[in-house]
1. Under the rule a/c < 1.5 gives rounded, and otherwise a/b versus b/c splits prolate from oblate, where does region 140-265 land using the Cα gyration tensor?
2. Keeping every protein chain present and rolling a 1.4 Å probe, give me the accessible area per residue for the chain in Å².
3. Pick from R46, R56, R22: which residue has the top mean-square fluctuation in a GNM of the chain where Cα pairs under 10 Å get a spring?
4. Can you give me the C-alpha center-to-center distance between region 146-160 and region 227-256, rounded to a whole angstrom?
5. May I ask you to derive the FRET efficiency for A271 and M226 from their Cβ-Cβ distance with R0 = 30 Å, giving the value to the nearest 0.05?
6. For region 151-275, give the percent of accessible area contributed by carbon and sulfur heavy atoms, probe 1.4 Å, rounded to a whole number.
7. Add -39500 (n - 2.57) for each DSSP H run of 4 or more in the chain, then divide by its residues: what number comes out at 222 nm, to the nearest 500 deg cm²/dmol?
8. Taking only Cα atoms, what is the 0 to 90° angle, nearest 10, from helix 71-83's long axis to the longest principal axis of the chain?
Amino acid sequence: MRVWIAGAGYGRGAVVDESEARIPALDHGITVGDGVFETVRSRNGRPFALTRHLRRLARSAAGLGMAEPDLELIADGVGLAVAANPELTDARVRITVTDGAGPLGSDRSPGEQTVIVALGPFPGIPPHTDVALAPWPRNEFGALAGLKTTSYADNVRALAHAKERGASEAVFRNVSGNLCEGTGSNVFVVLDGVLVTPPLSAGPLAGITRELVLEWFGGEEADVPMGRLPDVSEAFLTSTGRDVQPILHIDGRQVSPGVGPVTAKAMAVFAERSAADLDP
């Protein structure tokens, strides 16, 4: 596999073999998780919704207090990395930006950022899934709420909790007791016949797939108290890695015996529009 790296001694960027890629041991993304990232899907050499992903990358960097990343340089780097791995016709493209070398602590040092674009094969998407409720809440009032940062250890812990229970994703409540998001996904539910997803004020990441489902298919943004989950008649996850994926069970309780009509329509609309519009 070949990756593209800028900063960290690579200047404005270079494509190198994965085994030869090097970043400083004191990179702040390694020592304290001071960085942001995006995951983009690329089909046949064409990244999907790259412009939206790069805009969100910039928003996350601003929210973390980092300097604004050079989005044109990163877009060029994505193109070079994709072209350097032609065997990956359906690829997961990971864009990571860190604050560069820093001290062994939370202080930052002035200097250039480290940018890495790495690729891997895109796994298949199962036709449906089960989720488990995470025992730990998301803090919708925290400094990192809604930011896609490399400080992902809480997601790693919650996802392991879910997989121990036979689920593929963990779903968080927030500190206010409302539905929030998954470890790497957004959640939609059907309540009283209405498709609803938690608003950004509830603390979830502003997912690109979430955004497109709302634009292309519709739905409401509203708080969903956790106590209302037994009333949910359909549910699905959205993310770059899942597209629109139906949920059949939440914490072992059956939501639906199969793919419900609202979910099926959302899946069909997203599949059609995403195939036709690669960079909306």
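1. Working: a/c = 1.44, a/b = 1.21, b/c = 1.19.
Rounded, because the longest to shortest axis ratio a/c is under 1.5.
2. Roughly 44 Å² per residue, with all protein chains present.
3. In the Gaussian network model the winner is R22.
4. 20 Å
5. Values: r = 30 Å, r/R0 = 1.02.
According to the calculation, E is roughly 0.50.
6. Numbers: 2660 of 5050 Å².
Of all accessible area on region 151-275, carbon and sulfur atoms account for 53 percent.
7. Taken over the chain, the calculation gives -7500 deg cm²/dmol.
8. It works out to around 90 degrees.
The values are calculated or read from the model by the stated rules, or taken from the named source; none is laboratory data. Nothing here was measured: the structure is a model prediction, and the numbers come from that model. Every residue, glycine among them, receives a Cβ derived from its backbone with ideal geometry; neighbour counts consider all protein chains shown. These accessible areas exclude ligands, DNA and RNA; they are computed on the full protein's heavy atoms, side chains included. Shrake-Rupley method; radii C 1.70, N 1.55, O 1.52, S 1.80 Å.
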